[in-house]
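The values are calculated or read from the model by the stated rules, or taken from the named source; none is laboratory data. Nothing here was measured: the structure is a model prediction, and the numbers come from that model. Using ideal geometry, Cβ is built from the backbone for each residue, glycine included, and neighbour counts are taken over all protein chains shown.
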Amino acid sequence: MIEVEDLQVFYGEGRDRFHAVRDVSFRVEKGETYGLVGESGSGKSSVLNAIAGRHSDWTGTVRLAGAEVDPRRRNPADRQKVQIVFQDPFGAIHPKHTIGGTIAEPLAINRRQNRGETVDALLRQVGLPGRFRYRYPHQISGGQRQRVSIARALALQSPILLLDEPTSALDVSVQAEILNLLQDLRRDQGLTYLMVTHDIGVVGHMCDRIGVMKDGRIVEELTKAQLVRGETAHPFTRELLSESLLG
Amino acid sequence: MSDPILSVRNLRVTFPSLAGRIEAVRGVSFDIGNEKVGLIGESGSGKSLTGRSIMRLLPKAAHPVADRMRFDGKEILSLPEGEMRGMRGGEIAMILQDPKFSLNPIMSVGDQIAETCRIHLKLSKREARARTLHLLEQVHINDPARVYPLFPHEVSGGMGQRIMIAMMIVARPSLIIADEPTSALDVSVRGQILRILDELRAERPTGLLFITHDLNLVRRFCDRVLIMYSGRIVEELPASRLDEAEHPYTRGLLDAIPRLDRPRDRLATLQRDPRWITEEAGR
Ligand SMILES: Nc1ncnc2c1ncn2[C@@H]1O[C@H](COP(=O)(O)OP(=O)(O)OP(=O)(O)O)[C@@H](O)[C@H]1O
Ligand SMILES: Nc1ncnc2c1ncn2[C@@H]1O[C@H](COP(=O)(O)OP(=O)(O)OP(=O)(O)O)[C@@H](O)[C@H]1O
Ligand SMILES: [Mg+2]
Ligand SMILES: [Mg+2]
């Protein structure tokens, strides 16, 4: 469903050009959840932003549902295929738009009907009261904003979801509700997830396979079974695991 | 405990709304001495508003009142704004929950740290730049010279958090309010940042209010933990005894943690009891 080959991501121009992601290749089958973990600044968000079409300075091949995408041009069909939940909720939420308007925007662009009802249902799914649709982003808490950006990403029922630390601002009980919701959607609608998280417990619960990133590269790939058994060769992965065992 | 660094009694924060007033913080009381106090609780329970009340950095519409909010012998809520401004980022420092969006979007991250150095340490322009590069290194940012000229939207999530922490190191506050300062950091960098906080506290008595969702971190790093639910503190414990919590909300939290060594098909979720909203904390 997601195929990435030899991805290179760059920022800046000329002398300041920075090579943030190097030779990254991986594939995620339909209905699978692939986790990206790794050092802060290792390029995880950069990979997601390139796939989502948010950043265009990249080379390599990215195929979504079989069709190759162009770094610089996304046609509407490509855009329908994938939604992203940003690491920083403010990345997706316009500060001057109400919560309801933010969630309805992708629905409006795609001329969907019954938008009011859909927005209500989405708010309910992420555990927020319907009256929140009239509020502005600065009038809700950090975790509530994060849930708004999840609701927005779910609105179009796209087959691929890119999730960048989607529950980092949530207490573990609300996190459990969101993760259960994501698991249900994956099972019922066959969604495919690419997920970044620092929480090894979340990785183990959600991901079928993981790629471990360091300095822009994927240095190790593991299945869930290998992760649970602690079968890792790379010191960074081992450090992640030692954290979870200290529990 | 001898004189606490911060003493809060009956803090309430209200917002006007079409349907009357919304009370988001509903009578919160606690003291912080020379110690690390964890503040955990439900998303939307009022943790950030509590922290921001102490800094008087609330949204305009918010109305905070308290029977007492004393820091260093001063009543914070009645301090003139000028005096408060001097205290902010000086005696009291706060790391805000959305670091990249609390920084100035049109000034490079390096210049922002350097400005703090010039104000607090009275350094020259050149000295401030050198100091900033050193600080970036101290918070374990690789290649400080490359990162210095980047704007806030050009740094990664975890780098944004560390830039806020670098600015706080400069100010040497005696009260630190850290609102999820490590949520975007991998385990190894997180450990290094916690060590930096401990080093700062070793230099002089410092109170730390650490708002987080990471129960493992609280258990290992903090001395005490306060648990908030719906605008109130519903339980308080020594952090090392978090697992002995009795309030059904806290119990529910502990049960909801996904663990590698205890795989489950579905995670346990809370059945929220309306009585949790009204009952007094059991003390
Ligand atoms: N717009 C940009 N301009 C310049 N450099 C950038 C930009 N965006 C990202 N970078 C750089 O690319 C590198 C990778 O950043 P990225 O956000 O992908 O990291 P990450 O793995 O998601 O980290 P974190 O876990 O901290 O969020 C960082 O060094 C960052 O400074
Ligand atoms: N400007 C505002 N107007 C009305 N209500 C507000 C405003 N700002 C915050 N609130 C509400 O106050 C409550 C407490 O918010 P706060 O940001 O303190 O929560 P929090 O405990 O930090 O949550 P999180 O863990 O999600 O960050 C929330 O329910 C929020 O919706
Ligand atoms: Mg990131
Ligand atoms: Mg908060």
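Okay, here's what the table says:
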{"quantity": "Enumeration of residues in region B:235-250 that are without any contact (Cβ under 8 Å) to a residue 24 or more places away in the chain and surrounded by 16 or more Cβ atoms within 10 Å (Cβ to Cβ)", "calculated": "B:Leu237, B:Ala245, B:Thr250"}
{"quantity": "Elements of type strands (runs of 3 or more DSSP E) contained in region B:201-283, each with 3 or more residues being away from ligand 4 (no atom under 16 Å from the Cβ) and over 26 Å from A:Asp184 (Cβ atoms)", "calculated": "B:232-238"}
{"quantity": "Flag for A:Asp57 being surrounded by 14 or more Cβ atoms within 10 Å (Cβ to Cβ) and over 25 Å from A:Ile178 (Cβ atoms)", "calculated": "yes"}
{"quantity": "Among (1) more than 12 Å from chain A (Cβ to nearest Cβ); (2) among the hydrophobic types (A, V, I, L, M, F, W, C); (3) free of Cβ contacts under 8 Å to residues at least 60 places away in the same chain - the single one B:Phe30 does not satisfy", "calculated": "(3)"}
{"quantity": "Residues of region A:97-141 that turn out to be aromatic (Phe, Trp, Tyr) and closer than 27 Å to B:Thr269 by Cα, as a count", "calculated": "1"}
{"quantity": "Long-range neighbours under 7 Å by Cβ, at least six apart or interchain, first residue of a type in the set (Lys, Arg) within region B:135-150, second modelled with pLDDT of 90 or more", "calculated": "B:Arg146/A:Phe18"}
{"quantity": "Residues that are more than 16 Å from A:Ser158 (Cα to Cα) and buried (at least 20 other Cβ atoms within 10 Å of the Cβ), drawn from region A:93-118", "calculated": "A:Ile93, A:Ile99, A:Gly100, A:Thr102"}
{"quantity": "Any hit, region B:222-234, residues being surrounded by fewer than 13 Cβ atoms within 10 Å (Cβ to Cβ), in contact with a helix residue (DSSP H, G or I) (Cβ under 8 Å, 6 or more places away or on another chain) and within 12 Å of chain A (Cβ to nearest Cβ)", "calculated": "no"}
{"quantity": "Failed condition for B:Leu215, given (1) closer than 30 Å to B:Arg21 by Cβ; (2) under 15 Å from the mean Cα position of the chain (by Cα); (3) aliphatic (A, V, I, L, M)", "calculated": "(1)"}
{"quantity": "Count of residues meeting criterion [among the polar types (S, T, N, Q) and more than 9 Å from ligand 1 (Cβ to nearest atom)] in region A:1-59", "calculated": "5"}
{"quantity": "Every residue from region A:1-15 that is in contact with a Pro (Cβ under 8 Å, 6 or more places away or on another chain) and loosely packed, with under 15 Cβ neighbours inside 10 Å", "calculated": "none"}
{"quantity": "Unique residue being surrounded by 14 or more Cβ atoms within 10 Å (Cβ to Cβ) and either over 20 Å from the mean Cα position of the chain (by Cα) or closer than 30 Å to B:Ser240 by Cα (or both) when the list is B:Ser108, B:Ser124", "calculated": "B:Ser108"}
{"quantity": "Failed condition for A:Leu48, given (1) modelled with pLDDT under 95; (2) touching a strand residue (DSSP E or B) at 6+ places or on another chain (Cβ under 6 Å)", "calculated": "(1)"}
{"quantity": "Residue within region B:243-257 that is within 23 Å of the chain's Cα centre (by Cα), over 30 Å from A:Asp208 (Cα atoms), more than 8 Å from every other protein chain (Cβ to nearest Cβ) and at pLDDT below 90 present", "calculated": "no"}
{"quantity": "Candidates A:Val174, A:Val203 - the one that is over 15 Å from the mean Cα position of the chain (by Cα), of a type outside the set (Ser, Thr, Tyr) and modelled with pLDDT of 90 or more", "calculated": "A:Val174"}
{"quantity": "Residues of region B:165-194 classified as outside any loop (DSSP other than H, G, I, E, B), out of contact with any Ser or Thr (no Cβ under 6 Å at 6 or more places or on another chain) and modelled with pLDDT of 90 or more, total", "calculated": "7"}
{"quantity": "Matching residues, region A:138-165, being assigned by TED's automatic domain parsing to the domain that holds A:Gly43 and within 16 Å of ligand 4 (Cβ to nearest atom)", "calculated": "A:Glu165"}
{"quantity": "Some residue of region A:163-185 being within 13 Å of chain B (Cβ to nearest Cβ), assigned to a strand (DSSP E or B) and of a type in the set (Asp, Glu)", "calculated": "yes"}
{"quantity": "Whichever residue in region B:161-196 is small (Gly, Ala, Ser) and more than 16 Å from ligand 2 (Cβ to nearest atom) and, among such residues, is farthest from the chain's Cα centre (by Cα)", "calculated": "B:Ser188"}
{"quantity": "Subset of region B:111-153 that is part of a loop (DSSP other than H, G, I, E, B) and either in contact with a Ser or Thr (Cβ under 8 Å, 6 or more places away or on another chain) or among the acidic types (Asp, Glu) (or both) - its residue that is nearest to A:Gly41 (Cα to Cα)", "calculated": "B:Asp143"}
{"quantity": "Residue that is farthest from ligand 3 (Cβ to nearest atom), among those in region B:166-189 that are in contact (Cβ under 8 Å) with a residue 60 or more places away in the chain, of a type in the set (A, V, I, L, M) and touching a helix residue (DSSP H, G or I) at 6+ places or on another chain (Cβ under 7 Å)", "calculated": "B:Ala171"}
{"quantity": "Restricting region A:18-50 to residues that are in contact with a Lys or Arg (Cβ under 8 Å, 6 or more places away or on another chain) and among the charged types (D, E, K, R), the residue that is nearest to ligand 3 (Cβ to nearest atom)", "calculated": "A:Glu39"}
{"quantity": "Top-ranked residue in region A:71-101 [being closer than 23 Å to A:Lys44 by Cβ and in a loop (DSSP other than H, G, I, E, B); ranked as nearest to ligand 1 (Cβ to nearest atom)]", "calculated": "A:Gln87"}
